[in-house]
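Everything on this sheet refers to the single structure shown next.
The values are calculated or read from the model by the stated rules, or taken from the named source; none is laboratory data. Keep in mind it's a predicted model, so treat the numbers as computed, not measured. Cβ coordinates were reconstructed from backbone atoms using ideal geometry, including for glycine residues, and neighbour counts include every protein chain displayed. Note: areas computed on protein heavy atoms with side chains; ligands, DNA, RNA excluded. Shrake-Rupley method; radii C 1.70, N 1.55, O 1.52, S 1.80 Å.
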Amino acid sequence: MSFYVTTPIFYGNGEPHLGHAYSTMAADILARHMRQRGEDVFFLTGTDEHGEPIAQAAEREGITPQQLVDRSAEQFRDMVGKVDSTNDFFIRTTDPGHIERVQRVVEQVKENGYVYHGTWTGWYCPRCADFKNESEVGPGDTCPIHEISLTREEEENWFFRLSAFQEPLERMYVENPGMIQPDFRRNEALSFIRSGLRDVSLSRSKLSWGVPLTWDADQVMYVWFDALLNYYTALGYAREGEDLTSRFWPASWHILAKDILKFHAVYWPAFLLAADLEPPQRMFIHGYLLMGEKKMSKSLGNVLDPFEVIERFGADALRYYCFREVSFGQDGSISTAGFESRYETELANDFGNLASRTLAMVVKYRDGVVPEAEPDAALSADFDSLPERVCALLDEAQIGQALEEIWVLVRRLNRYVEESQPWVLAKSPDDAARLDQVLYGLVEGLRVVTLLLHPYLPNSSATLLEALDHSALELDGFGTRPGGYTVERIPPLFPKLEAPE
Ligand code: MSP
């Protein structure tokens, strides 16, 4: 089965922050997990490089927009690498391959009768790059998201006949209730659609930094349509000489945050339908990571640098923390103190110690050879259908709940050590068979949870799997690998933190 997951493409006028990393890590967890299940996976991320804010930022710096986005694309590529993202391609909307394909799709939309010429008057937020309905305008004609004054715009544009899709979109979401997750976001999208869809500008005339319309050289594509199309165009040119579109379209999951729900849940499927293309299968709308009370964002000036966090804690710890601390789909506060506490109690103690002492005991009591034994029935029962449960949750992009499901078993294994007291068993030769059973169960449990944790903790799970002499990443059930193989000790997976200077 093919599995195609995307992140939003990041604005090329900002610097990467943890909010961007969050969407990337979420998509990466799903991509890695699906690869473990043997699915045919494509994972896309990239940068959104056209539009007014970028042209303006470049002008302020006295450089060309191209120079600005070249620099920022490198920063985002770097961020994506540092969080250990395994994206299969990094799209930039200034790629000639993208531009060409955007032009082709919009021509199709025009040919199908959904484009007309008109005059736009209304409120516009340059930061959102969004034309606001009266209901979306904050007090004093401000943008409720960016808390800046909206501008009154009037210009000649080409329009997209969004209004024609009110009924088809409503029907689509009623008939496919799982398409937008979580459910409350689907309801939000539905109520926006039901409140009435007005046609929207498809192009801008006061701007030159964008994809030119082929039939009107004075106009460039409205940046949101240009940007949304990345999900589709990338498949056409990501692999030289190969078109991946029929293999991966429609996308399995778009991962995005709540501020861009309208564009993804309303404009995007409408535009695809207008071009005779299939809408994405599903989208997951996550919340904001908050520092204190506020969303982290460059324009609000309260950015937590993911690079610093990774340097100190490692990418695994960042990936783990974000999905453990904040329920995926909700807003949630993050903090350095929160990081440290989970690092210490959960990663270092629950998981790191379990791994170290399990391996150490096998080395000490059995010369490193995993005993060939039947596992404890009670322990087996607790592991029963664990991989299936985790798969079912991740099929629904329930990244935090799947992690919780795994962690219950990490804790179970720790309790098993305490209950069975292998160090006591080791003292009496009469208990040798029981010790074999306990050690086998521990190693097997550790192996199963480590495989399941691979998408969350790609580095420490790799170290651990190597120590377990286990090279395959496929998910496995408890008790399926017989003993008789040799394991090694490992240094602490999550060493104690030095106090920062
Ligand atoms: N360029 C558009 C997306 C176009 S997709 C066709 C954009 N870019 S963005 O750089 O502003 O944001 C990219 C993603 O990061 C968005 O989903 C955004 O909501 C998410 N995040 C930005 N800050 C965030 C947090 N503080 N917390 C969680 N995610 C947030 O929007």
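Key figures for this structure:
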read-out: Percent breakdown of C-alpha pair distances by 20 Å bin, ordered from the shortest bin, for the chain; value: 22, 49, 23, 6, 0
read-out: Cβ charges +1 (Lys, Arg) and -1 (Asp, Glu), total dipole of the stretch 71-202, debye; value: 200 debye
read-out: Residues Asp78 and Tyr116, FRET efficiency given R0 of 56 Å [Cβ-Cβ distance, rounded to 0.05]; value: 0.85
read-out: Dipole axis of the chain (+1 Lys, Arg; -1 Asp, Glu on Cβ), positive-most option in Thr214, Pro65, Pro280; value: Pro280
read-out: Listed residues Ser191, Ser85 arranged by accessible area, highest first, probe 1.4 Å; value: Ser191, Ser85
read-out: Point-charge dipole on Cβ atoms (K/R +1, D/E -1) for the chain, about Cα centre, debye to 20; value: 360 debye
read-out: Under 20 Å from the Cα of Lys364 - aspartates and glutamates, other chains or at least 8 residues apart; value: Glu372, Glu418, Glu419, Asp430, Asp431, Asp436, Glu444, Glu466, Asp469, Glu488
read-out: Rg in Å to one decimal, and Dmax rounded to a whole Å, for the stretch 309-430 via C-alpha atoms; value: 17.3, 55
read-out: Only Lys, Arg (+1) and Asp, Glu (-1) charged, at Cβ; the stretch 336-501 dipole about Cα centre in debye; value: 400 debye
read-out: Phe383 - accessible surface, heavy atoms, 1.4 Å probe, Å² rounded to 10; value: 10 Å²
read-out: Cβ-isolated cysteines (cut-off 4.7 Å), the chain; value: Cys322, Cys391
read-out: Protein accessible area in the chain, 1.4 Å probe - carbon and sulfur %; value: 48 percent
read-out: Sequence of Ser380, Ser471 from largest to smallest accessible area, 1.4 Å probe; value: Ser471, Ser380
read-out: Per residue value of the accessible surface for the chain (all protein chains in place, 1.4 Å probe), Å²; value: 40 Å²
read-out: Accessible surface ranking that places the most exposed of Glu466, Glu419, Glu405 first, with a 1.4 angstrom probe; value: Glu466, Glu419, Glu405
read-out: Between 0 and 90°, nearest 10: helix 166-175 axis offset from the chain longest Cα axis; value: 20 degrees
read-out: Loop-located trypsin sites (Lys or Arg not before Pro) in the stretch 412-501 whose Cβ has at most 11 other Cβ within 10 Å (DSSP); value: Lys427, Lys496
read-out: Accessible surface of His20 - all protein chains present, 1.4 Å probe, nearest 10 Å²; value: 40 Å²
read-out: Considering only the chain, percent of DSSP beta bridges that pair antiparallel, nearest 5; value: 50 percent
